[in-house]
Every structure is written in structure tokens, then in C-alpha cells.
1. Pick out, from the range 55-150, the helices (runs of 4 or more DSSP H) lying fully within it that include 2 or more residues that are without any contact (Cβ under 8 Å) to a residue 40 or more places away in the chain and closer than 30 Å to residue 181 by Cβ.
2. Based on what the data block shows, is residue 157 over 21 Å from residue 182 (Cα atoms) and assigned by TED's automatic domain parsing to the domain that holds residue 194?
3. Return yes or no: is residue 186 farther than 17 Å from residue 138 by Cα, surrounded by 20 or more Cβ atoms within 10 Å (Cβ to Cβ) and without any contact (Cβ under 8 Å) to a residue 40 or more places away in the chain?
4. Please find, among 69, 117, the residue that is touching a strand residue (DSSP E or B) at 6+ places or on another chain (Cβ under 8 Å) and crowded, with 24+ Cβ neighbours inside 10 Å.
5. Looking only at the range 72-99, how many residues end up being buried (at least 17 other Cβ atoms within 10 Å of the Cβ), more than 21 Å from residue 37 (Cα to Cα) and out of contact with any strand residue (DSSP E or B) (no Cβ under 9 Å at 6 or more places or on another chain)?
């Protein structure tokens, strides 16, 4: 079984995980572990929003290690695990898979980048389920757009959201502007770029004409 197949298998089957288990005669130590993990996740979310992807990934890994990559089967840490996995997936998508996230995913080698991006797309698709929110749909599109085979789907998802003015972040509007321009929809690209500028976000280039 290839490295990518193994990782995707873990994500689909939920073969691994749970939050760290701490047994103690006094329940206070368990409470401290949970509270600290929440602090790490909150910090990582702020770093992600600031575009500091390497630091966001490092913060998640300090709390979860490789557990954030595999599926979570439930328990008291389900919500925190989901938030941590979302942070990793978006950091992968927005950095192009350049930053290692664990389990040989991400990094300088193209094969590792491709594997990380494939994992990110699957993770975000599973998180959205059958009835994803506009935010989840836009985030999935970010990951899909990093794969040649996923760009058409990414455009379709964002176009539908954009028509209803439902894209919640600057990243999504910037991506719609880029994908619209590639399809010759200059007017649609301009409108998306303008919405991107109105929302704004650190490190997001809204003007497609200035993008490399």
C-alpha cells in the first residue's frame, strides 16, 4: 500500500485516534489537559487567520501530533479534533503543501506536496458531510483548486456560492476571481476581486492581474 493510500485509508476508516487519555485519582489533571488543548487550537486558529501557516501547523502538532491527521471516532475531544484537522487542511491548501504536517505529508518533494493536498481535500470534504455550510464549501474549494483534477469542481462550488454572495472569506473570493479569469469571465473575476478587497485578509492577493 502506498503512503498516500495508507493516509487516505486512515482518514476514511477512522482507524486511529482519540484525545490523549489521562488517568488520575483526581480528575483535575484531565481537565487541565483538555483546557490546554483548547488553548492550542484557539492559538492555531488565530495563526491560520493571520496567514502564519507554519506556526499554525506547529501549534496543532504540539497538541495532537499525527492524531490530527487521522479520523476521529468520537469522544469528548471530537469538536477540538475537528477544528485542529481543519486548521491543518487549510494550512496545507493555502501553502500549497510546502509545510510538513506529519506522516510524510507536505514538504519540499512534489510527491509529498501532492499527498498532503490530496489529504487536505479529503479531510475538508468529510468534515462538510452531505450538507456543508458555505464556509465549509469554500474551504473545500481551496483544497480542490490545488489539484488540476479538482479545479473545475472548485470553480463550480465557488461560482454557486458567489452568485448568492455566500462566500464568507477573502480567500474564497480571491480564488473565484482567479478561476473566473482563467475561464474568460473577466467581469465575474472583477466582481469577485472587489468582494475580496472589501473583506480582506492578511496575505491574500485580491487583484488577479497582480498575481504571479
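1. So the answer is 110-128, 134-144.
2. no
3. Values: farther than 17 Å from residue 138 by Cα: yes; surrounded by 20 or more Cβ atoms within 10 Å (Cβ to Cβ): no; without any contact (Cβ under 8 Å) to a residue 40 or more places away in the chain: yes.
The answer is no for residue 186.
4. Within the list 69, 117, the selection yields 69.
5. Count: 4.
The values are calculated or read from the model by the stated rules, or taken from the named source; none is laboratory data. Fair warning: this is a prediction, and the values are worked out from it, not measured in the lab. Neighbour counts are summed over all protein chains in view; Cβ atoms, including those assigned to glycine, are modelled from backbone coordinates with ideal geometry.
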